[in-house]
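Visitor: Here you go, one structure.
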Amino acid sequence: MNELILDIDDLSVIYKTDLETVKAVNGINLKIGKGKTLGLVGETGAGKTTTALSILKLLPENTGKVTSGNVKFEGTNLLEMNEHEIREIRGGQIAMVFQDPMTSLNPVMTVGDQIAEAIIMHNEGLSKGEIEKRIDEKLTMVGILPSRKTEYPHQFSGGMKQRVVIAMALACEPKLLIADEPTTALDVTIQAQVLMMIKELRNRLGTSMLMITHDLGVVAKICDDVAVMYAGEIVEAGTVHDIFLGEDHHPYTEGLFGSIPNLSSRTKRLNSIPGLMPDPTNLPEGCIFAPRCKYCMDICIRVHPNTVFDETHSLKCHLFDGKLRRDKQEGKSEKQ
Amino acid sequence: MDNVMRNSGISFKKQSQTKEIWRRFKKSKGAVIGLVMLVIILMILLFADFIAPYTAATKQNLANKLQGPSLAHLFGTDSYGRDVFARIVHGGRTSILIAILSTISSCIIGSALGAIAGYFGGKIDSIIMRSLDIFMSVPDILFTMAVVFALGANFVNLLVALTLAYFTNYVRLVRSQVLNLAELDYVEAARAGGASSARIIASHILPNAMGVIIVNTTLNVSKIILYESTLSFLGLGMPPPAPEWGLMLSEAREFMRTSPHLLFFPAMAIVLTACSVNLIGDGLRDALDPHLKS
């Protein structure tokens with residue numbers, strides 16, 4: 001990882017209402033290198049989308065609040081920008097693809113106009129012909145006939161709509177693309193198509209990407225780095241190699257992998273991690289995963305674990321307190 | 001359709017949006033009848049001077065008073081001997097013009113306020129909605145009467161009074177629509193794409209609320225026609241001797257038993273106009289809803 005495009009440092013986000021305070025994101029660190037793809041994995045409600053929204057300052061104004069941390073995009077802190085400055089970033093430098101293509105297109109605008117809007121907002125003074133040319137270009141890029149630009153979203157299928165949404169997001173050739181579960185609402189065959197397309201476009205355009213998903217298959221296929229999120233914390237992070245092939249894992253990551261159905265074994269029931277995610281209005285004092293962890297020790301309930309690092313791999317678990325780095329280093333020195 | 005079939009699956013049927021709406025509008029018989037009626041009524045009002053001279057509507061001729069319908073006076077004459085047909089033809093002009101203009105002005109003011117209140121929420125919403133409560137706490141008719149009394153009855157003041165009485169409906173209607181629409185993903189997506197609030201309201205929220213607004217507007221036109229007639233019935237419309245449908249009704253009251261045609265024709269004019277506008281409104285509602293495409 002040489003040059004960072006996005007550097008999230010100690011970000012905490014709360015949703016505050018009169019009745020309660022929800023700690024959605026608690027002091028997370030994320031780094032995305034130029035041209036790299038980071039997969040943010042975690043179950044529903046872990047704070048993945050909240051993280052994505054806070055990057056673009058799109059948290060709901062009345063309730064959502066960033067309590068600490070920095071989000072640096074190419075060295076400038078996005079959180080300190082005013083509304084006007086951040087608008088320049090949104091869609092121009094950082095674009096976002098939302099989860100559900102069915103609802104993320106305006107039903108009363110033609111798809112061409114919607115792509116045009118994204119282009120016009122960030123390129124003032126383009127002539128009509130140039131804009132039309134760009135729309136055609138973007139549609140062709142995502143595999144849609146340019147002649148269909150005068151049609152309305154309801155005339156497209158789900159997969160086609162997601163392609164349009166991606167075309168909109170890429171309309172201004174952003175440096176960073178945030179994809180918030182882009183394939184969750186699609187069926188499996190279309191998922192594969194859209195994923196391949198995203199991967200291909202990313203490679204061609206050199207876009208960095210933050211891929212939010214709860215599908216580990218997607219991560220394996222597309223991402224360079226992975227961060228596993230649980231109850232608003234990054235419990236494990238590393239390269240795809242570290243997470244998928246490494247030996248040391250956070251018990252939650254282990255559980256995640258354990259719950260992938262296996263074709264060859266004939267289990268009657270699907271494996272799952274017992275228990276539920278802790279109530280984010282009332283997080284446990286010690287390790288957030290302790291109530292569900294099968295390796296839970298006394299210290300886990302009392303003390304919040306610190307992050308332990310290897311070169312690229314990091315873990316937040318008492319099991320590895322003081323072990324990870326030493327073990328690895330010893331292992332390496334032995335080999336050398 | 002044949003064309004599409006012959007060229008097999010790959011070709012797409014292309015139709016412009018207006019054509020599409022018109023096609024669906026035509027499907028509803030009521031809407032077409034309403035449209036034809038309204039066009040005829042508007043043509044009559046537009047060319048009123050060629051159909052019957054304005055003087056026939058205002059010139060008194062006591063020798064001819066209270067005549068029944070005849071060839072000379074199609075709808076008969078009133079208690080001053082004025083031609084009822086001419087009065088209806090000319091009277092509708094002001095009524096409909098006021099109805100249309102005040103609907104448009106209340107729609108624009110109301111939609112803008114409603115969109116702002118619904119989109120920004122919080123304090124702005126509270127301020128707008130609470131000031132609206134003041135307007136709404138006074139009954140419409142009382143409010144309009146008070147305004148007309150205070151300012152005097154003429155064209156502009158009637159317009160102001162009716163606008164003030166009706167814009168509140170739009171604020172509430174548009175606000176409730178915007179509250180729903182602002183939560184939708186494509187609004188969020190537009191914001192993530194760098195759109196400003198003004199742009200989001202103008203190009204994403206209002207167009208999606210347009211169906212409801214247009215339908216409400218057409219239905220409101222008929223309401224205001226009735227309302228304006230009510231006002232002139234109460235003597236708060238355009239000052240006499242200007243002909244007006246409501247005023248004619250009010251004058252006809254005294255002669256209801258002896259000359260029912262005085263009541264019948266202006267009442268029919270009001271009913272037909274309101275009815276045709278309502279029919280069009282219903283047809284538009286179906287035609288404009290993109291979800292009902294068939």
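The values are calculated or read from the model by the stated rules, or taken from the named source; none is laboratory data. All of these numbers come straight from a predicted model, not from anything done at the bench. Ideal geometry is used to build each Cβ from the backbone, glycine not excepted, and the neighbour counts take in all protein chains shown. Areas reflect the complete protein model, heavy atoms only, side chains present, ligands, DNA and RNA absent. Shrake-Rupley method; radii C 1.70, N 1.55, O 1.52, S 1.80 Å.
Visitor: Any idea how many residues of the stretch B:224-280 are free of Cβ contacts under 8 Å to residues at least 12 places away in the same chain, part of a helix (DSSP H, G or I) and not hydrophobic (A, V, I, L, M, F, W, C)? If you could, list the steps in order and put the result at the bottom.
Guide: Taking the stretch B:224-280 first, the residues free of Cβ contacts under 8 Å to residues at least 12 places away in the same chain are B:240, B:253, B:256-257, B:260, B:264, B:268, B:271.
Remaining after also requiring part of a helix (DSSP H, G or I): B:253, B:264, B:268, B:271.
Okay, now just the ones that are also not hydrophobic (A, V, I, L, M, F, W, C), so B:253.
Total satisfying the criteria: 1.
Visitor: Show the residue pairs that are 6+ apart or on different chains and have beta-carbon atoms under 9 Å apart, the first residue being within the stretch A:113-137 and closer than 16 Å to A:Arg163 by Cα, the second being among the acidic types (Asp, Glu).
Guide: Between residues of the stretch A:113-137 that are closer than 16 Å to A:Arg163 by Cα and residues that are among the acidic types (Asp, Glu), the close pairs are A:Ala116/A:Glu132; A:Ile135/A:Asp113.
Visitor: I'm trying to understand the selection: among the residues of the stretch A:106-139, which are outside any helix (DSSP H, G or I), within 21 Å of A:Ala95 (Cα to Cα) and hydrophobic (A, V, I, L, M, F, W, C)?
Guide: A:Met109, A:Leu126
Visitor: Quick check: anything in the stretch A:199-215 farther than 16 Å from A:Thr37 by Cα and among the basic types (Lys, Arg)? Before the answer, list the steps.
Guide: Taking the stretch A:199-215 and keeping what is farther than 16 Å from A:Thr37 by Cα, we get none.
No, every residue in the stretch A:199-215 fails to be farther than 16 Å from A:Thr37 by Cα and among the basic types (Lys, Arg).
Visitor: Can you name the residue in the stretch B:139-184 that is open to solvent by less than 50 Å² (accessible area, probe 1.4 Å) and not in a helix (DSSP H, G or I) and, of all such residues, is modelled with the lowest pLDDT?
Guide: Within the stretch B:139-184, the match that is modelled with the lowest pLDDT is B:Ala153.
Visitor: Listed residues A:Glu83, A:Glu181; which is in contact (Cβ under 8 Å) with a residue 40 or more places away in the chain and either under 20 Å from B:Gly194 (Cβ atoms) or more than 8 Å from chain B (Cβ to nearest Cβ) (or both)? Step through it out loud before you land on a result.
Guide: Working: A:Glu83 fails: in contact (Cβ under 8 Å) with a residue 40 or more places away in the chain.
Of A:Glu83, A:Glu181, the one residue that is in contact (Cβ under 8 Å) with a residue 40 or more places away in the chain and either under 20 Å from B:Gly194 (Cβ atoms) or more than 8 Å from chain B (Cβ to nearest Cβ) (or both) is A:Glu181.
Visitor: Among the residues in the stretch A:140-159, are any within 13 Å of chain B (Cβ to nearest Cβ), of a type in the set (Asp, Glu) and either buried (at least 20 other Cβ atoms within 10 Å of the Cβ) or assigned to a helix (DSSP H, G or I) (or both)?
Guide: No, the stretch A:140-159 contains no residue that is within 13 Å of chain B (Cβ to nearest Cβ), of a type in the set (Asp, Glu) and either buried (at least 20 other Cβ atoms within 10 Å of the Cβ) or assigned to a helix (DSSP H, G or I) (or both).
Visitor: Anything in the stretch B:159-206 that is among the basic types (Lys, Arg) and within 12 Å of chain A (Cβ to nearest Cβ)? List them, or say none.
Guide: B:Arg191, B:Arg199
Visitor: (1) touching a residue at least 24 places away in the same chain (Cβ under 8 Å); (2) in contact with an Asp or Glu (Cβ under 7 Å, 6 or more places away or on another chain): which one isn't true of A:Leu56, the others all being true?
Guide: (2)
Visitor: Could you check how many residues of the stretch A:160-171 are open to solvent by 30 Å² or more (accessible area, probe 1.4 Å) and within 24 Å of A:Asn123 (Cβ to Cβ)?
Guide: Within the stretch A:160-171, the first condition is being open to solvent by 30 Å² or more (accessible area, probe 1.4 Å), and the residues that meet it are A:160, A:163, A:168.
Applying the additional criterion that residues be within 24 Å of A:Asn123 (Cβ to Cβ) yields A:163, A:168.
Matching residues across the stretch A:160-171 total 2.
Visitor: Filter the stretch A:172-222 down to residues that are among the hydroxyl-bearing types (Ser, Thr, Tyr) and in a loop (DSSP other than H, G, I, E, B) and give me whichever is surrounded by the fewest Cβ atoms within 10 Å (Cβ to Cβ). Please lay out each step first, then the result.
Guide: Here is the first cut: in the stretch A:172-222, the ones among the hydroxyl-bearing types (Ser, Thr, Tyr) are A:183-184, A:189, A:207-208, A:213.
This time we only want the ones that are in a loop (DSSP other than H, G, I, E, B), so: A:183-184, A:207.
Details: A:Thr183: 25, A:Thr184: 14, A:Thr207: 21.
Checking each candidate, the answer is A:Thr184.
Visitor: How many residues does the stretch B:12-28 contain that are assigned to a helix (DSSP H, G or I), at pLDDT 80 or above and open to solvent by less than 60 Å² (accessible area, probe 1.4 Å)? Even if it seems obvious, please write down each step before you answer.
Guide: Here is the first cut: in the stretch B:12-28, the ones assigned to a helix (DSSP H, G or I) are B:17-27.
Restricting the remaining residues to those that are at pLDDT 80 or above gives B:19, B:21-27.
Retained after the next criterion (residues that are open to solvent by less than 60 Å² (accessible area, probe 1.4 Å)): B:21, B:24-25.
Matching residues across the stretch B:12-28 total 3.
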